Amino acid sequence: MIIWLVTVLYVICAAVTIVIEYRNSPENDPQVKYTIMKCITSILFLVIAVVAFALSGSWMFFMLLPAYILCFFGDLFLALGHEIDNRLKNPQFVIGVFSFCAAQVVLCIVFLSMMDWHVSWPAIAALLVLGGTIFFTKSDDYDFGKNAVPCSIYAFFVGLSAGLGLQLIITCNDNPVAVLLGVGAIVFLLSDLVLTMKLFWKKDVPWAGAVLLVLYWGAMWLYTAAPAMYI
């Protein structure tokens with residue numbers, strides 16, 4: 001019951017954060033409020049992880065904890081990079097990207113350990129996502145600026161994580177924890193695809209911010225609540 005109460009609070013804070021983002025205008029700069037609410041929401045996914053561990057006592061919590069913490073700091077630094085207005089040519093953005101990249105590396109290790117270090121065809125997603133990102137960085141429709149290299153490195157690992165997540169769903173479909181983690185990895189990749197549109201596509205995509213946050217925080221809920229499924 002308590003995990004659902006925290007989840008409701010998590011959803012409320014996420015919704016408030018999205019509303020704050022959409023109130024952004026030249027006359028109204030909500031950056032401080034947005035950063036605070038985004039961090040509160042991220043703290044809540046850490047709380048969900050702790051509650052899931054308290055309920056299940058699952059060792060998965062300790063394996064996934066570094067990824068949770070790295071994602072929290074990734075959130076923090078992207079927010080400090082003033083992501084609302086896409087002023088991203090700054091150190092905070094790069095630090096945020098590499099924090100998320102390190103989280104994806106941790107997730108890949110966890111997924112592989114759950115599958116006895118066996119890699120099969122879904123892992124090709126790493127190369128597909130990397131190739132797609134490189135294509136976008138060369139396209140006249142996108143402007144990655146100085147962020148092309150860090151984004152390409154990140155793309156490989158988030159693609160690998162999603163590919164291993166799909167493999168996890170296929171090979172461990174009788175394990176609800178594995179399925180939740182696998183779905184989380186795929187949803188996380190989808191959130192990053194929307195992030196690419198939001199930050200680097202030269203066209204304005206008004207709905208991208210809301211969809212991005214819904215997908216990202218949805219993925220984080222799947223990651224953090226998953227251990228509770230051992231109950």
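Could you tell me the relative contact order of the chain? Use alpha-carbon pairs under 8 Å, at least six residues apart, and round to a whole percent.
22 percent
With a 10 Å cut-off between alpha carbons and a GNM built on the chain, which of Gly159, Gly218, Gly145 moves the most?
Its mean-square fluctuation being the largest, the pick is Gly145.
With θ set to phi - 60°, apply the Karplus curve 6.51 cos²θ - 1.76 cosθ + 1.60 along region 33-48 and write out the HN-Hα couplings as whole Hz, x wherever there is a Gly or Pro.
So the Karplus estimates, Gly and Pro as x, are 4, 4, 4, 4, 5, 5, 5, 4, 4, 5, 4, 5, 6, 5, 4, 4 Hz.
Calculate, for Asp174 and His118, the FRET efficiency according to 1/(1 + (r/R0)^6) with r their C-beta to C-beta distance and R0 22 Å; round to the nearest 0.05.
Efficiency at R0 = 22 Å is approximately 0.85.
Considering only protein heavy atoms and a probe of 1.4 Å, how much of the accessible area of the chain is carbon and sulfur, as a whole percent?
74 percent
Kindly write out, for region 113-129 in residue order, the coupling ³J(HN,Hα) from the Karplus curve 6.51 cos²θ - 1.76 cosθ + 1.60 (θ = phi - 60°), rounded to whole Hz, with x marking Gly and Pro.
Values, residue by residue: 5, 6, 10, 6, 6, 9, 10, 10, 4, x, 5, 5, 4, 4, 6, 5, 5 Hz.
Run the quick spin-label model on Trp207 and Val105: label points 7 Å from Cα toward the beta carbon, then report their separation in nm to one decimal.
Going from the Trp207 label point to the Val105 one covers 3.7 nm.
Two decimals, Cα atoms only, Kirkwood Rh: what is Rg/Rh over the chain?
Across the chain, the Cα-based Rg/Rh ratio is 0.96.
With every protein chain kept in the model, how would you rank Lys202, Lys38 by accessible area, 1.4 Å probe, largest at the top?
Working: Lys202 135, Lys38 5 Å².
If we order Lys202, Lys38 from most to least accessible, we get Lys202, Lys38.
Please compute the per residue accessible area over region 76-231 with all protein chains in place, 1.4 Å probe, rounded to a whole number of Å².
Averaged over the residues of region 76-231, the accessible area is 44 Å².
Would you kindly derive the ³J(HN,Hα) couplings of region 145-156 from the backbone phi angles with the Karplus curve 6.51 cos²θ - 1.76 cosθ + 1.60 (θ = phi - 60°), listing them in order in whole Hz, with x for Gly and Pro?
Going residue by residue, I get x, 6, 8, 4, 5, x, 5, 5, 4, 4, 4, 4 Hz, with x marking Gly and Pro.
Using a 1.4 angstrom probe on the protein heavy atoms only, line up Asp192, Asp141, Asp204 by accessible area, largest first.
Solvent-accessible surface, decreasing: Asp204, Asp141, Asp192.
Ranked by accessible surface with a 1.4 Å probe, highest first, in what order do Phe111, Phe62, Phe98 come?
Correct descending sequence by accessible area is Phe62, Phe98, Phe111.
Starting from the Kirkwood radius over alpha-carbon pairs of region 118-231, derive D by Stokes-Einstein at 4 °C in a medium of 1.567 mPa s and give it in µm² s⁻¹.
Once the numbers are plugged in, D ends up at 87 µm²/s.
Convert 10 °C to kelvin, take the viscosity as 1.306 mPa s, use the Kirkwood radius over C-alpha pairs of region 57-177 as Rh, and evaluate the Stokes-Einstein diffusion coefficient in µm²/s, rounded to a whole number.
103 µm²/s
Can you give the relative contact order of region 110-211 as a percent, counting alpha carbon pairs under 8 Å and 6+ residues apart?
29 percent
Any idea what the dipole of region 126-231 comes to, in debye rounded to 20, about its Cα centre with Lys/Arg Cβ at +1 and Asp/Glu Cβ at -1? Before the final figure, lay out each step's value.
On the way: 5 positive and 6 negative charges, 32 e Å.
Value, rounded to 20: 160 debye.
Can you give the helix-only mean residue ellipticity at 222 nm for the chain, where every DSSP H stretch with n ≥ 4 adds -39500 (n - 2.57) and the sum goes over all residues, rounded to the nearest 500 deg cm²/dmol?
When only DSSP H runs of four or more count, the value is -26000 deg cm²/dmol.
The values are calculated or read from the model by the stated rules, or taken from the named source; none is laboratory data. Since we're looking at a predicted model, the values are computed, not measured. Note that each Cβ is placed from the backbone with ideal geometry, even for glycine, and that neighbours are counted across all protein chains shown. Calculation scope for accessible area: heavy atoms of the full protein, side chains included, ligands and nucleic acids excluded. Shrake-Rupley method; radii C 1.70, N 1.55, O 1.52, S 1.80 Å.
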